[in-house]
Every structure is written in C-alpha cells, then in structure tokens.
Amino acid sequence: MSSLDTNLAHEALPERQSPFLLFLRRLSGNRAFVIGGSLFLIVLVLAVFADQIAPFKPGANNFRARLEAPSAVHRFGTDHFGRDILSRAIHGGRLSLFIGLSVVLFTGVFGTLIGAASGYFRRLDNILMRIMDALMAFPAILLAITVAATLGASVQNVILALGIATTPHTARIVRASVLVVREMEFVEAARALGASHMRILFRHILANAMAPLIVRLTYVFASAILAEALLSYIGVGPPPPAATFGGIIANGRDFMVEAPWVTLFPGLIILVVVLGLNLLGDGLRDVLDPRIRV
Amino acid sequence: MSMLKVENLTTVVGSGASAPSVLEDVSFTLDAGEVLCVVGESGSGKSMLALTIMGLLGFPVRRAGGRIILDGDDITAGGTSAWRQRRGRDLSMIFQEPMTSLNPIMRVGEQIGEVLRLRKGMSADEARRRAVELLERVEIPAAASRLAAFPHELSGGMRQRVMIAVALAAEPKLLIADEPTTALDVTIQAQILDLLRDIQAESGMALMLITHDLGVVAEMAHKVMVLYAGRVAEMADVKTVFDAPAHPYTQALLASIPSLDSGGDRLVTIPGSVPGVGLMPKGCRFAPRCPHVKEACRPAPPPLAILEASQSVACLRPFGYVRREETPTHG
C-alpha cells in the first residue's frame with residue numbers, strides 16, 4: 001500500500017491508532033527484533049518454567065554417571081558430580097537471567113535518576129557527571145571484579161557490582177536525551193502552564209526521552225549475562241551450589257578435554273541469549289531511532 | 001483599574017551591574033478586555049518580554065528590576081514558587097510552533113485535562129466534560145472524539161486550537177500569545193485570530209499579542225507597543241500608530257510593508273540590523289539606523305514622552321522631518 005493510501009485509510013478511522021500500537025506494528029516487521037526476541041523468549045520460558053522442564057534436579061549428584069557424554073538420558077551430558085548439564089543449564093539460565101534483569105533494573109533506575117537530574121538540573125550536572133566520569137575511567141569489567149571481590153561472592157554482590165559498572169554509561173545516555181528534550185517547545189509550554197519540576201521532568205521530558213534508554217538496557221542485559229559468566233568463571237560470582245552459566249563452565253574447566261560438553265553447551269546457551277538480546281536491541285534501535293531509520 | 005501593569009521592567013543577561021540588557025525600562029498597562037500588540041523585528045525583545053512576564057526566563061537571563069502587577073497583585077513579590085502557581089491559572093501563554101508545543105505522547109484530552117485537574121482541582125470526569133466544551137469552544141469539529149487523538153494526528157491549525165484550549169482551560173486573566181499564527185497558512189491565520197478575538201471579548205481577559213506582522217496588528221490590536229532593541233520606541237492606540245506614527249522606527253516599519261499600488265518598485269527596507277546584546281549604543285538605540293539622527297540623540301537614551309493621551313514616544317525628533325501640524329491628526 002502506498003503512503004498516500006495509508007494516510008487516507010488513517011484519516012478515515014474514527015478511533016485513531018496510538019503511537020504505541022504503531023510502534024508495535026513497526027517492531028513486528030523488523031526481522032532482527034523478531035529473531036532476537038524469539039531466541040530470548042525461548043530461553044526466558046525455559047528459565048521461568050525450569051522446575052517443570054528440567055529432566056533432573058540441578059543439584060542431584062549421580063556418581064555412577066560422572067562426566068557422561070550426551071545421551072538420550074542426559075542430552076547435554078553430565079559433569080564430574082554426575083549432575084545433568086541440561087538441567088543445570090536450564091536452572092542456571094534462571095539465575096543468570098535474574099541477575100541480568102536485576103542489573104537492568106539497577107542501572108535503569110539509578111542511571112535514569114542520575115542522568116535525568118544532571119540533564120535537567122544544570123547545577124547538579126557538573127558534579128554528577130564528574131563522578132560518572134571517574135567510574136567510567138575504570139574498564140567496566142575491572143570495576144565489577146573489584147566490587148565483587150571486595151564485597152565477597154554472592155548473588156546480591158554480583159548484581160551490585162555489575163549495576164555500579166553499567167550505571168555511568170546509562171546515566172550519560174539518559175542525560176543526553178534529557179538535554180535534547182528539555183529544549184523542546186512542549187516543555188516550555190508545560191512550564192507556561194505552571195507544571196512543577198517533577199511533573200515536567202517525569203511526565204514530559206523523561207517520557208519522551210526513553211527510546212535510547214530502552215535500547216541501552218537490552219545491551220546491558222546481554223552484557224550483564226556475559227559479565228556474570230566471567231565473574232563466575234574467575235570465581236567471584238555466585239558461590240556453589242548455585243548454578244549459573246558461568247559457574248557451570250567454570251566447573252567444566254578442568255575436564256575440557258575429556259568432557260567438552262560440560263563447557264560447550266552452557267557456552268552455546270550464553271551465545272544464544274546474548275545474540276538474541278543484541279538482535280533485539282538492534283531491532284529496537286532501528287525502530288526507535290529515526291536517524292537510523294531509512 | 002488596569003489588569004496588567006508593568007513598571008520599569010529590565011531584563012539582563014548574566015550577573016553584575018554591567019550585565020547587558022535585553023529589555024530596559026519597559027512600562028505599560030493593559031486593561032481587561034484589551035488587546036495589546038507588541039511589534040518589533042527579530043531581536044527587539046518581544047519574546048523576552050513575554051517570558052519575563054511569565055516568569056520563564058532561564059539562566060543566565062534574569063529580571064534585574066521592575067514590577068509586574070496583575071489584577072492588583074505584584075506577581076514578582078512572591079518568589080518563583082508563587083509565580084509558578086499563577087501560571088496556567090492567572091497567566092497563560094500560547095507559543096509560536098503548534099507542531100511542537102504539544103507533548104507528542106500525550107492524548108489531547110489528557111493535556112487539557114492536566115491543566116483542569118492541576119489548576120481547577122477537577123476530577124477526571126469533570127475534566128473530560130470540560131475538555132470537550134473547550135474543544136468545542138475552539139471550534140474543533142467532533143470534539144468528543146478528538147480527546148483520544150494524539151497531536152501528530154492533527155493539522156497545524158487544529159493543534160493551535162488545542163493549544164488555545166489548553167491555555168484557556170483555567171480561565172487566565174492574562175493571555176500572552178507569542179506569534180500564534182506565524183507558523184500557519186494565511187486562511188488558518190485569519191480563523192485563529194478571529195477565534196482569539198471572540199474568546200477574548202467573551203471572557204474579558206487581557207491579551208498580549210506578540211507579532212511582527214503589521215497586518216495582524218491592524219486586525220487585532222487596541223493598543224500597540226513598538227519595541228526596539230529592548231526599549232519601548234512607541235506606544236499608542238492602533239489608529240494613531242497607523243495614521244501618525246511618531247517614532248522614526250515605527251515609520252520605517254510601516255514604510256517597509258509592501259503595498260498593492262507600489263508597482264514594481266524596490267521594497268523599502270531599514271538599513272542595518274538590531275544591535276546585538278551588549279553592543280547597544282549609549283544613547284537612542286535606533287540612532288545608528290535612524291535617518292533623522294542628530295547629535296543630541298547619542299549621549300543618552302531619550303525618555304518615553306507623552307505626545308498626547310493615546311501616544312507616547314521615545315524620540316527627540318518625533319515625526320522626523322515631518323512637522324507636527326502637517327500630519328493627519330485623529331482624536
């Protein structure tokens with residue numbers, strides 16, 4: 001249908017389409033988003049229904065079936081305690097996704113608050129951004145390792161460490177889009193109607209500045225899962241017996257030659273999740289960012 | 001008693017006593033039900049005047065002096081928070097760009113309702129009913145069904161009508177319209193101006209209309225204030241401004257309107273441009289461009305002198321070379 005036809009059809013509708021519905025329609029036409037979203041959705045469903053789906057208990061030892069190769073019973077093989085890799089990976093996905101989601105929430109909340117405050121209240125800008133600069137001066141993963149190693153290995157500390165490591169960049173992104181939106185005329189119009197700072201900031205500015213943040217958060221999700229795997233691998237992740245992707249791989253490190261499946265399958269799942277999230281983020285960015293849209 | 005009384009308003013950029021001014025010593029009064037047109041070219045301080053009265057100046061621009069008295073209350077006295085409380089309720093403003101002055105992700109009904117709920121304390125239901133009335137008042141067809149529309153679904157003229165509805169929602173005493181029709185095409189301009197005039201006559205609010213279109217002035221104004229480089233050049237009722245402009249700048253502005261019978265002549269222009277902020281001449285700010293300038297104009301700015309009841313002018317040589325008795329007089 002040509003754009004003219006679309007316009008006419010649009011004019012004729014008594015109840016008009018909301019920007020949100022338009023956005024959904026555009027998303028569903030984006031291949032990267034659909035593929036990435038499906039991959040991610042599969043892993044998400046596996047993680048949420050881990051108890052129902054996993055064939056074994058993730059911590060169930062079976063010393064008669066140690067380091068068994070993939071078979072009809074243990075589809076992904078077993079590790080050196082005879083634990084089923086598939087079941088551990090499914091449960092590990094639950095914890096990895098939980099950590100990823102928590103990091104996204106952490107960086108989403110604090111990054112938005114810090115970014116919004118420094119973009120809107122210009123007096124706070126310098127001090128807040130210099131603090132963020134100081135944090136950004138460390139490589140994110142090094143910062144996360146330092147925080148996790150200092151606080152000790154636990155799920156909360158991993159979330160905290162990755163949250164702190166990813167927040168400065170998020171704050172920058174939010175600040176940048178707040179700086180753009182705050183100069184728009186409808187913000188001035190809202191001020192002319194006597195709206196309070198909080199109302200202007202949250203209802204008028206932030207609501208219109210969310211697109212880059214949403215894209216950023218999908219990448220944070222992916223990199224948090226990767227970074228958590230790395231932290232677990234070097235031993236500052238959630239302590240055993242908790243299963244995470246990184247933890248399972250770390251367990252298999254010593255048997256990589258005899259039993260490559262212990263590291264291979266969780267590694268592939270990480271690949272699928274991160275690829276899925278990155279594709280999802282690319283798709284979102286293509287749809288949300290009009291500069292890239294052709 | 002006048003609805004709006006502005007006394008010696010001065011707005012500067014930056015801090016300190018030597019901060020350059022964008023508005024200097026602006027005084028005027030405006031009665032309820034009256035339309036004041038503020039004219040001047042770009043950089044003359046028209047929009048700054050609007051923002052100063054609204055209390056919307058942003059750092060580093062600030063009001064350095066003067067009082068703004070609305071309906072007997074000095075609105076500069078209560079501080080920024082009290083001033084904010086008045087916005088939307090006592091003072092309201094319409095902006096130039098209807099395409100960007102509405103929040104793109106809020107439905108029209110919500111944007112009107114927001115003002116009604118915040119400023120009138122209405123419930124969501126009352127606000128919806130009132131919003132329909134307001135949309136009907138600004139002559140939007142099928143008003144009830146438009147409540148759910150998003151700004152991008154409306155045309156420019158429609159959006160400006162919605163803006164007017166939003167601005168009028170809390171029944172302000174003073175409405176400032178900053179070039180409300182500049183971005184619209186000519187037929188829509190006329191409709192919007194008619195609408196503004198009707199609503200103003202009906203509600204009795206004071207209307208301050210900022211424009212650089214002298215056609216709009218002739219159409220709408222009771223009183224005209226000509227601003228030049230942040231100072232009042234001339235203040236008069238509309239008839240006097242068009243029939244007997246006293247300030248050389250006003251004369252030049254009027255002369256630069258192309259007329260139908262000017263044939264193929266070159267358009268009249270005013271040589272030069274408004275001096276930048278901080279580069280103002282010490283005396284009359286129009287002196288460098290004025291065809292009638294003499295030495296006395298240069299040392300100090302000429303005061304705003306009353307020529308007759310309806311006309312005051314800040315010029316040492318009003319009417320230029322034309323002598324007073326040769327100009328047509330009207331009342």
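The values are calculated or read from the model by the stated rules, or taken from the named source; none is laboratory data. Computed from a predicted model, the values in this text were never measured in an experiment. Cβ coordinates were reconstructed from backbone atoms using ideal geometry, including for glycine residues, and neighbour counts include every protein chain displayed. For accessibility, only protein heavy atoms count, side chains too; no ligands or nucleic acids. Shrake-Rupley method; radii C 1.70, N 1.55, O 1.52, S 1.80 Å.
Can you tell me which aspartates and glutamates have their Cα less than 14 Å from the Cα of B:Lys239? Leave out same-chain residues fewer than eight positions away. Counting by Cα, and skipping residues close in sequence, B:Lys239 has these aspartates and glutamates nearby: B:Glu219, B:Glu308. Once you order the gyration tensor axes a ≥ b ≥ c over the Cα atoms, which shape class does segment A:248-290 get: rounded for a/c under 1.5, otherwise prolate or oblate by comparing a/b with b/c? Judged from the Cα gyration tensor, segment A:248-290 comes out prolate (a/c at least 1.5, a/b above b/c). When the expected Rg is taken as 2.2 N^0.38 Å, what fraction or multiple of it is the alpha-carbon Rg of segment B:181-331? Cα Rg divided by the expected 2.2 N^0.38 Å: 1.14.
Quarter the surface of the alpha carbon convex hull of segment B:64-184 and you get the mean projected area, 8.2 square nanometres. In this Cβ point-charge picture (+1 for Lys and Arg, -1 for Asp and Glu), chain B has a dipole of about 980 debye about its Cα centre.
With a ≥ b ≥ c the root eigenvalues of the C-alpha gyration tensor of chain B, is it rounded (a/c under 1.5), prolate (a/b larger than b/c) or oblate? Here chain B falls in the prolate category.
In sequence order, segment B:24-35 has phi-based couplings of 9, 6, 8, 10, 6, 10, 9, 8, 4, x, 9, 10 Hz under the Karplus curve 6.51 cos²θ - 1.76 cosθ + 1.60, θ = phi - 60°, and Gly or Pro positions carry x.
Of the Cα atoms belonging to segment B:136-270, the radius of gyration and Dmax stand at 17.5, 52 Å.
Kindly identify residues of segment B:35-79 having a loss of at least 50 Å² in accessible area between the isolated chain and the assembly of all protein chains, probe radius 1.4 Å. Checking the loss per residue gives B:Leu56.
With the simple spin-label model, which puts each label point 7 Å out from Cα in the Cβ direction, the A:Phe49 to B:Ala124 separation comes to 3.5 nm.
For chain A, the Cβ-based charge dipole about the Cα centre amounts to some 360 debye (Lys, Arg positive; Asp, Glu negative; other atoms uncharged). At each listed q (0.10, 0.13, 0.17, 0.22 Å⁻¹), what is the log10 of I(q)/I(0) that the Debye formula gives for segment A:197-294 modelled as equal alpha-carbon point scatterers? At q = 0.10, 0.13, 0.17, 0.22 Å⁻¹ the computed log10 ratios are -0.43, -0.61, -0.80, -1.03. Taking the Cα centre of the protein assembly as shown as the origin and placing charges on Cβ (Lys, Arg +1; Asp, Glu -1), which of B:Leu267, B:Thr11, B:Ala170 is farthest toward the positive end of the dipole? So the residue we want is B:Thr11. About the centre of its Cα atoms, the protein assembly as shown shows a dipole size close to 1840 debye [charges on the beta carbon of Lys, Arg (+1) and Asp, Glu (-1) only; nearest 20 debye]. The mean accessible area for residues of segment A:55-213, using a 1.4 Å probe and ignoring ligands and nucleic acids, is 45 Å² per residue. Taking a ≥ b ≥ c as the square roots of the eigenvalues of the Cα gyration tensor, chain A is oblate, since a/c reaches 1.5 or more and a/b is not larger than b/c. Pairwise alpha-carbon distances in segment A:113-256 exceed 21 Å for 53% of all pairs. Of the residues A:Ala229, A:Met129, A:Leu217, the one whose Cα sits farthest toward the positive end of the charge dipole of chain A, with +1 on the Cβ of Lys and Arg and -1 on the Cβ of Asp and Glu, is A:Met129. Residue ranges A:75-87, A:53-65 sort as A:75-87, A:53-65 when ordered by packing (mean number of other C-beta atoms within 10 Å per residue, highest first).
FRET efficiency for the pair A:Ile42 and A:Leu151, taken as 1/(1 + (r/R0)^6) with r the Cβ-Cβ distance and R0 = 35 Å, rounds to 0.60. Residues whose amide H comes within less than 5 Å of that of B:Gly65, counting only those at least five positions distant or on another chain, are B:Thr10 (H built at 1.01 Å from N in the peptide plane).
On the principal axes of its alpha carbon atoms, segment B:245-285 extends 40, 20, 10 Å, with the longest extent given first.
Residue by residue along B:83-90, Cβ atoms of other protein chains within 10 Å of the local Cβ number 3 on average.
Here the contact order of chain B, divided by its residue count and restricted to Cα pairs under 8 Å and six or more residues apart, works out to 20 percent.
Residues considered: A:Gly235, A:Gly194, A:Gly252. Largest GNM mean-square fluctuation over chain A, using C-alpha springs under 10 Å, is found at A:Gly194.
Taking amide H atoms as placed 1.01 Å from N in the peptide plane, the amide H of B:Cys37 lies under 5 Å from those of B:Leu209, B:His222, B:Lys223, B:Val224, B:Met225, each 5 or more residues away in sequence or on another chain.
Note that segment B:36-42 has calculated 3J(HN,Hα) couplings of 10, 9, 9, 10, x, 7, 4 Hz, one per residue in order, obtained from phi through the Karplus relation 6.51 cos²θ - 1.76 cosθ + 1.60 (θ = phi - 60°); glycine and proline are x.
Could you tell me which of A:Ile159, A:Val273, A:Pro238 has its Cα farthest along the dipole of chain A towards the positive end, charges placed at Cβ (Lys, Arg +1; Asp, Glu -1), taken about the Cα centre? Toward the positive end, the furthest listed residue is A:Ile159.
In chain A, Cα pairs under 8 Å separated by at least six residues give a relative contact order of 25 percent. Counting Cβ atoms of other protein chains within 10 Å of each Cβ in B:151-160 and taking the mean gives 1. Radius of gyration over Kirkwood radius for the protein assembly as shown, both on Cα atoms: the Rg/Rh ratio is 1.14.
Shielding of peptide A:178-191 by partners, expressed as the average count of other chain Cβ atoms within 10 Å per residue Cβ, is 5. Taking chain A as a Gaussian network of alpha-carbon nodes connected by springs under 10 Å, the highest mean-square fluctuation of the residues A:Met136, A:Met256, A:Met198 belongs to A:Met198.
Separation of the alpha carbons by more than 19 angstrom is noted, of B:Lys5/B:Lys173; B:Lys173/B:Lys223; B:Lys120/B:Lys173; B:Lys5/B:Lys46; B:Lys46/B:Lys120, for B:Lys46/B:Lys120.
Per-residue 3J(HN,Hα) values for segment B:228-235, derived from phi via the Karplus relation 6.51 cos²θ - 1.76 cosθ + 1.60 with θ = phi - 60°, read 9, 6, x, 10, 6, 8, 8, 9 Hz in sequence order (x marks Gly and Pro).
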